[in-house]
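Beneath this line is the structure, given in structure tokens, with notes to follow.
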Amino acid sequence: MISCFHPSPSLFCHPTMPCRVETWTLLITFICLLIAYGYWPYGFFKKLGIPGPKPSPFFGTLGDYHKGFLQMDMMYFKTYGRLWGFYEGRLPILSIMDTRMIKTVLVKECFSFFIDRRDFSFNGPLNDAISNARGEAWKLKRSVVSPMFSSGRIKEMVPLMQQHSDKLVQCLQGIANHDEAVEVREYFGSYTLDAVASIALSIDTDSFNNSNDPTVIKLKRAFTFKADNPGFLLSGTFIPQSRKKSLIEKKNVDKNRMDFLQLMLESQLPEIKHSTNENKQIKGLTHHEILSTALIFLAAGYETTSKSLAFLVYNLATNPGAMKKLQDEIDEVFPNKAPVTYEHLIHMEYLDMVLNESLRLYPIALRLERLCTETIVINGVTIPKGTVVMIPVYTLHRDPELWPEPECFNPERFSKENKDSMDPYAFLPFGAGPRNCVGMRFAVILMKLAIVQVLQNFSFAACKETEIPLQLDKLPLLGTVNPIKVKIVPLETWTLLITCICLLIAYGYWPYGFFKKLGIPGPKPSPFFGTFREYKKGFFQMDMMYFKTYGRLWGFYEGRLPILSIMDTRMIKTVLVKECFSFFIDRRDFPFNGPLKDAISNARGEAWKLKRSVVSPMFSSGRIKEMLPLMKQHSDKLVQCLQGIANHNEAVEVREYFGSYTLDAIASIALSIDTDSFNNSNDPTVIKLKRAFTFKMDNPGFLLSVLFPFLNPLLEKANLCIFSLADLTYLFSAIEKVKLDREKNVDKNQMDFLQLMLESQLPEIKHGTNENKQIKGLTHHEILSTSLIFLAAGFETTTRSLAFLVYNLATNPGAMKKLQDEIEEVFPNKAPVTYEHLIHMEYLDMVLNESLRLYPIALRLERLCTETIVINGVTIPKGTVVMIPVYTLHHDPELWPEPECFNPERFSKENKDSMDPYAFLPFGAGPRNCVGMRFAVILMKLAIVQVLQNFSFASCKETEIPLQLDKLPLLGTVNPIKVKIVPRGPIMKEE
């Protein structure tokens, strides 16, 4: 078939056109060569076994530069570790961060393998600068230039530098009192530019006053870099032209001029005169080399030094403690603003530390590069000839293994103690080895001089215009996206401000070593707040978390107040009972304010003993027995009310009904007030009673008391209160009105608490003299405060306890049935409830106690240690608040197996005898337990018995199981507790 095909010549060629075959072949060849050109370099690091990012054809990893230079290096370090390779176009670059390799490259093998930098096409003005020289040519140039930066030469230049630092101080003086943010680089850049220009070339730029001068503008933008510049070209061609005349004038050498240009001219005068090739190996510089090197000193020196100064000012402004310490050193070395001298400047230890730490955080030269001139193996890594070795300085300075907490400004890293153990090749702001920055000494002195003179007169302060943290740009010389702005504060103002800040810091920090000294574990506190912010998790939630973390003993800080939490029952017994009168008689002082300040719950020491001796008899068994008929009036009303809704088959909000019962009973028994809240739920007195003890964590009185306890006396006078002051004041006034009416018409038949208190203090009421202040009795205000506590607190705690008890019975029908059986046995056929029978109902006790264990309303008990004591090997200093986390204690699985389960059998006679009494504290224990405990228990028992005689409780779809508990200091639920009230049918007794 092939032989049958006879192509015509015209198929590929035309008589008047070149052959298409050759054209197509050429095109294909070109494409193949182009593809090969675009791909072939990118196996370099793979062959060497060095990790790195995947390169793209032609571009290599150049596309990653859009992220930014330092950003790209940090990304590669986090991905590949301390050694990686990438491609800048077709050029392979080896990045190293191992300090041993860095030392080899920069120092040990510098002259043999790494003497050169890579070749950049800088263009005319800079191609002969010392920074671009190679090999022997570089050595010759360096030998000429290095002496210009000797200590002696720089010392001679300090007076000239001081002229410009003085001008900087004068300029800042003019703006310091304006209370405005200052763009740092504008002023410190002008100082740097003027100083470098005058010292390098004797040019008087005066950029403070001539910021729009063309020379100043061109100097400031000479090293502007654009990432899309294909050769990474640098601008700035004006110097050779603008200084050519000046250089010619230097033929008439002025030996008194000591600028760098003059020193370079002196080093190469024979060459300038003869311009012959015979002298090319003479130690000196050619005409163009002098110009290029002068330009590098001028433009690069300005750029790097002004940026470093700007970052240093920022670090001082945002770290006032370090700035104050530096100012103290300055005042010690140069007292009374003494003139700054070179000798003192170079020996200022803390100044060195601050400057070095700023250069570590913000090194202007983000990278160092060396060209490998011969293949070498370092630490097992082969580096072929021609490879560019790059050290990512910024990334090296942020390596957390070399610099713990690398983002923090901490000058102590460079203290004598720490510097000795520091790896010198982990800190390279000026490079290292023979090819380090030749102008390092000059730049350091220039920066030190400016900072010292400015801090002699001013301080730096961060302000709202100060960007924290700084947003760094993406260019090869480190800078910021937005200008650095701070306030310049006159020293007198700043001294006062710093003193206040230091005192404030000391105030915020000093209490927090308390538990550490005692060897007591606990959470780490925050300044000022301590562990206060943990309360956002909730009170009992926080206690449970700490118990699981630290065990049965821990310390935490409520603001500045140290609180010792104990859950060891032996310690609890000692605190609440054994040493109560000797060491733990008091509770801590809360600024409750007006209405409650004299209540028995807030009394201390002997005053508490007197009040307790008056109040305790009011809650004796005999008194409570006398009150039972009055209680029954309200429990009967509760049953009647429930009867009306029991047949509706609807969920009932438990607290609404049992709260009305509790409120009416307490109000009538305490004060003979008929609230009738079943029918008058919108009555102002009822509403205010229900919300009197509303507590909010953001209550300003509470926050101020916690953070600044010394303000408590002022809080009292300012009428701040941790509860609802308006509601408490209203109730206080209502009680006072009842009391005054009662005093006018004394009725001996009234047996409420108010009457009992009035009888105990009639002599004081009649005479009102100070002679009776130690008489066993209560003052007018104490009677009102104590009545208010009984009324408001008694209502709140008893109502919540009843609501939880109803919930437990509704969700545990077996326990409820057993309780109803006991009720039927004790009070058959709904017989009237009597005090004698009520107090001896065993299973009722068990059910109530288990409910109080699961849901204790008072989440914590607190006692104030009045004298230092050691309990079970634990030292408790005087003034320490000892806290018993009751809810957490009641849910300790070692004390209560399966603590989340409702199990009344825990409190049976058989189990109760083996139970630790100090593991169950719903009412506290010891002399300062709840004085109204008996009253509250009888009130709850009566309600439950009478209700269960007539109804049962049943959970329903509206019943939240499990309950979502709230985060407040008195235990409650996020959502209302709802159950169904089910009427009981005829009671059939089994025979």
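Tell me, yes or no, whether segment 390-404 has at least one residue that is among the hydrophobic types (A, V, I, L, M, F, W, C), part of a strand (DSSP E or B), within 19 Å of R82 (Cα to Cα) and touching a Ser or Thr at 6+ places or on another chain (Cβ under 8 Å). Yes, there is a match, as at least one residue in segment 390-404 is among the hydrophobic types (A, V, I, L, M, F, W, C), part of a strand (DSSP E or B), within 19 Å of R82 (Cα to Cα) and touching a Ser or Thr at 6+ places or on another chain (Cβ under 8 Å).
Only one of these is at pLDDT 80 or above, farther than 30 Å from L470 by Cα, among the small types (G, A, S) and surrounded by fewer than 16 Cβ atoms within 10 Å (Cβ to Cβ): G63, G81, G49. Name it. The conditions single out G49.
Filter segment 636-656 down to residues that are among the hydrophobic types (A, V, I, L, M, F, W, C) and touching a residue at least 40 places away in the same chain (Cβ under 8 Å) and give me whichever is surrounded by the fewest Cβ atoms within 10 Å (Cβ to Cβ).
Taking segment 636-656 and keeping what is among the hydrophobic types (A, V, I, L, M, F, W, C), we get 638-639, 641-642, 645-646, 651-652, 654.
From what is left, the residues that are touching a residue at least 40 places away in the same chain (Cβ under 8 Å) are 638-639, 642, 645-646, 651-652, 654.
Details: L638: 21, V639: 17, L642: 19, I645: 13, A646: 19, A651: 18, V652: 22, V654: 24.
Restricting to residues being among the hydrophobic types (A, V, I, L, M, F, W, C) and touching a residue at least 40 places away in the same chain (Cβ under 8 Å), the top hit is I645.
Quick one: would you say L160 is closer than 27 Å to K218 by Cα and in contact with a strand residue (DSSP E or B) (Cβ under 8 Å, 6 or more places away or on another chain)?
Working: closer than 27 Å to K218 by Cα: yes; in contact with a strand residue (DSSP E or B) (Cβ under 8 Å, 6 or more places away or on another chain): no.
When the stated conditions are applied, L160 does not pass them.
Would segment 455-474 turn up any residue that is modelled with pLDDT of 90 or more, aliphatic (A, V, I, L, M) and under 19 Å from N336 (Cα atoms)? Checked segment 455-474: at least one residue is modelled with pLDDT of 90 or more, aliphatic (A, V, I, L, M) and under 19 Å from N336 (Cα atoms).
Per-residue answers, yes or no, for (1) among the hydroxyl-bearing types (S, T, Y); (2) in contact with a Gly (Cβ under 8 Å, 6 or more places away or on another chain); (3) more than 22 Å from K696 (Cα to Cα); (4) at pLDDT below 95:
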position: G508; (1), (2), (3), (4): no, no, yes, yes
position: E534; (1), (2), (3), (4): no, no, no, yes
position: K537; (1), (2), (3), (4): no, no, no, yes
position: M542; (1), (2), (3), (4): no, no, no, no
position: G551; (1), (2), (3), (4): no, no, yes, no
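Against the list (1) among the charged types (D, E, K, R); (2) touching a residue at least 12 places away in the same chain (Cβ under 8 Å); (3) under 30 Å from T866 (Cα atoms); (4) surrounded by fewer than 20 Cβ atoms within 10 Å (Cβ to Cβ), the condition D598 fails is (4).
For segment 872-884, the tally of residues that are surrounded by 22 or more Cβ atoms within 10 Å (Cβ to Cβ) and more than 19 Å from S601 (Cβ to Cβ) stands at 2. Checking F920, F953 one by one, the residue that is in contact with a His (Cβ under 8 Å, 6 or more places away or on another chain) and more than 14 Å from S801 (Cα to Cα) is F920 and no other. Within segment 483-501, the set of residues being assigned to a helix (DSSP H, G or I) and either at pLDDT below 70 or under 25 Å from L470 (Cβ atoms) (or both) comprises E492, T493, W494, T495, L496, L497, I498, I501.
Residues in segment 177-215 that are touching a helix residue (DSSP H, G or I) at 6+ places or on another chain (Cβ under 8 Å) and of a type in the set (A, V, I, L, M, F, W, C): V182, V184, F188, L193, A195, V196, A197, I199, A200, L201, I203, F208. Reported count of residues in segment 397-431, each being farther than 23 Å from L368 by Cα and either among the β-branched types (V, I, T) or touching a Cys at 6+ places or on another chain (Cβ under 6 Å) (or both), is 0.
In segment 742-766, of all residues being under 56 Å from the mean Cα position of the chain (by Cα) and over 16 Å from S785 (Cβ atoms), the one that is modelled with the highest pLDDT corresponds to Q755.
Considering only residues of segment 707-719 that are aliphatic (A, V, I, L, M) and surrounded by fewer than 20 Cβ atoms within 10 Å (Cβ to Cβ), which is farthest from F528 (Cα to Cα)?
First pass over segment 707-719, keeping only residues aliphatic (A, V, I, L, M): 707, 711, 714-715, 718.
Next cut, surrounded by fewer than 20 Cβ atoms within 10 Å (Cβ to Cβ) only: 707, 711, 714, 718.
Working: L707: 6, L711: 14, L714: 19, A718: 23 Å.
Result: A718.
The residue pairs whose first member lies in segment 846-869 and is in the same structural domain as S801 (by TED's automatic domain parsing) and crowded, with 18+ Cβ neighbours inside 10 Å, whose second member is among the polar types (S, T, N, Q) and in a loop (DSSP other than H, G, I, E, B), and whose beta carbons are closer than 7 Å, counting only pairs six or more residues apart or on different chains, are M846/S908; E850/N903; C865/T880.
Going through F723, F693, F678 one at a time, which residue ends up being modelled with pLDDT under 75, among the hydrophobic types (A, V, I, L, M, F, W, C), outside any helix (DSSP H, G or I) and within 30 Å of F953 (Cα to Cα)? Even if it seems obvious, please write down each step before you answer.
On the way: F723 fails: within 30 Å of F953 (Cα to Cα); F678 fails: modelled with pLDDT under 75.
One residue alone meets the criteria, F693.
Residue count for segment 502-522 satisfying the condition of being of a type in the set (F, W, Y) and closer than 19 Å to V874 by Cα: 3. Condition check: modelled with pLDDT of 90 or more and either touching a Ser or Thr at 6+ places or on another chain (Cβ under 8 Å) or of a type in the set (K, R) (or both). Does I572 satisfy that? No: the conditions fail for I572.
The values are calculated or read from the model by the stated rules, or taken from the named source; none is laboratory data. Quick caveat, the model's predicted, so the values are computed rather than measured. We place every Cβ from the backbone using ideal geometry, glycine too, and count neighbours over all the protein chains shown.
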